[in-house]
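Data first, discussion second: the structure below is written as structure tokens.
The values are calculated or read from the model by the stated rules, or taken from the named source; none is laboratory data. Not measured: the values here are computed from a predicted model. Positions of Cβ are backbone-derived with ideal geometry, glycine not excepted, and every protein chain shown enters the neighbour counts.
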Amino acid sequence: MTGVETSVATGNPVVIIGAGIGGLCAAAALAGAGVPVTVVERQASPGGKLRTVDCDGAAVDAGPTVFTARWVFEALFESLGERLDDHLTLVPADRLARHAWQDGSSLDLWADPAHSRDAIGNFAGAGEARGYDSMRAEAAQIWNALEHRYMEAPVTTPIGLAARFGLRGLPEMLAINPFQTLSGALARHFRDPRLRQLYGRYATYCGASPYQATATLMLIAHLEARGVWLVEGGMHRLALAIADLAASRGAVFRYNADVREIRVTDGRAAGVLLGDGDYIPASDVLANCDASALAAGRFGAAAARAVPGTPPAARSLSALTWMMKGDASGFELDRHNVFFSNDYAREFAELFGQARLPSAPSVYVCAQDRGWATPPSGPERFQLIVNAPATGDGRAPTPGEIETCEAATFALMRRCGLELTPQTTVRVGPAMFEGLFPSTGGALYGRVSHGWRASFRRPGSRTGLAGLWLAGGSAHPGAGVPMAALSGRLASAAILSARASTAPSRPMAIAGGISTRKATTAASA
């Protein structure tokens, strides 16, 4: 019997390091397949970046705030005989977001594309409404080309992706426009610089600059146009629901437990050593962390050789965030709001070219108590996000630089008509994000998506060390809550396939990608 077969036969669990969204989805899928699972998380609760902070007794979302691609999560629950709606209350958002500029103009985008088209026409003219139609059609084409061939499938090379399209599909592959920048592609659709700025912002969803990111990222506009939902109780409820799903199938969670080392036996990951000296033997180890934490040796020398890290120059953006409880007046907020700087190109030149906080930042404001049928009364919960360089492990922004950026941020919102009066504030910057997610410099999205090769440089589920697997936003298929969820599903499928190949008497899975229910693709207007 081989070492692999011995490990599987002993009944040791799959140990998952980290209860971020990728690890949680993998835990649920593996436990649902009858595999023993132990999740080790150094924080006190699940979620990873999908976390909350306390502001004067109020839980404020301190990570991702936009819930999209609900079909990814529906498929996970349905695969285990459950319904997502029985575990989570989701309310569709009629208005996707409000956008404002310092010249007093503003534009709302809506779940109904015809409503958005009319709004853009009233905002910038009939020509720009037609540009919205063409942009939307291109974004849908990119999404449809990549959804099953790339995002839901195991990592591949450019040649491998071309093979998935086949000769007849090569025109469709080239239509994903990987060699043009997002800003350049948007200029083909919009003449109004405000609309190019608005849709260029989608590059920041994966921590990139619209002036360097590939035009393929236009697909994010299509993803958001297919639906945004509000999560009752906040986004952290999603993590709790998936953790409960995994636990109901037998997964064991150990919180406040830090992994010191991934132990290797006979050239294979065989368990984890915790900070308190406890050792957990494992049949497989799934690292739901940034690949750079492995590569930097935070889990031992053997694991460090298993996967390449991200060099500082290739990191995605970090952020300067404020979670607060307070009062708002002036500008009528919705759940998601964006206030734009006057010079977007300068903003990203400072972020990536000079590795400094922007002197005149754009700011995203999540008004967590807005969007419901009943408007809030009294103090509200807010999260503010300004893009920042991922220098948390080097020359992080100084307190003085942070104060200057904060003053510029609040001044921008006042010029757009919004007055925020905080009562309680928790501020987090690149250095604190580095502490939460080590060896990243505070980068929140793994490797930056600049250039057509970037997507192929993300590691896949399988690492160079047998028995060690990877999931999370730094892995394929990329950053963001839905993509991290898919990475967990891909990793669990790969583990199940490997176990089946070494235990022929008990086949547990088939090789390949994952199966999710095909969502209805929005038609182009």
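Remarks
- So residue 170, is it within 30 Å of residue 491 (Cα to Cα) and modelled with pLDDT under 95: yes
- Selection from region 398-427 of residues that are assigned to a strand (DSSP E or B) and of a type in the set (Asp, Glu): 419
- A count restricted to region 80-97 and to residues that are touching a residue at least 12 places away in the same chain (Cβ under 8 Å) and closer than 19 Å to residue 31 by Cβ stands at 5.
- Within region 207-246, the residues that satisfy the criterion of being in a helix (DSSP H, G or I) and more than 16 Å from residue 86 (Cα to Cα) are 215, 216, 217, 218, 219, 220, 221, 222, 223, 224, 225, 236.
- Strands (runs of 3 or more DSSP E) enclosed by region 9-83 - at least 1 residues per element that are in contact with a helix residue (DSSP H, G or I) (Cβ under 7 Å, 6 or more places away or on another chain) and closer than 25 Å to residue 495 by Cβ: 14-17, 37-40
- Tally of residues being outside any loop (DSSP other than H, G, I, E, B) and within 25 Å of residue 496 (Cα to Cα) across region 252-273: 15
- Selection status of residue 30, touching a residue at least 40 places away in the same chain (Cβ under 8 Å) and either over 23 Å from residue 323 (Cβ atoms) or touching a Leu at 6+ places or on another chain (Cβ under 7 Å) (or both): yes
- Yes/no for residue 149 being part of a helix (DSSP H, G or I) and either under 23 Å from the mean Cα position of the chain (by Cα) or touching a residue at least 60 places away in the same chain (Cβ under 8 Å) (or both): yes
- Which listed residue is more than 30 Å from residue 194 (Cβ to Cβ), outside any helix (DSSP H, G or I) and in contact (Cβ under 8 Å) with a residue 24 or more places away in the chain, from 306, 328: 306
- Selection status of residue 261, in contact (Cβ under 8 Å) with a residue 60 or more places away in the chain and among the acidic types (Asp, Glu): no
- Meets criteria (in the same structural domain as residue 194 (by TED's automatic domain parsing) and within 28 Å of the chain's Cα centre (by Cα)) for residue 162: yes
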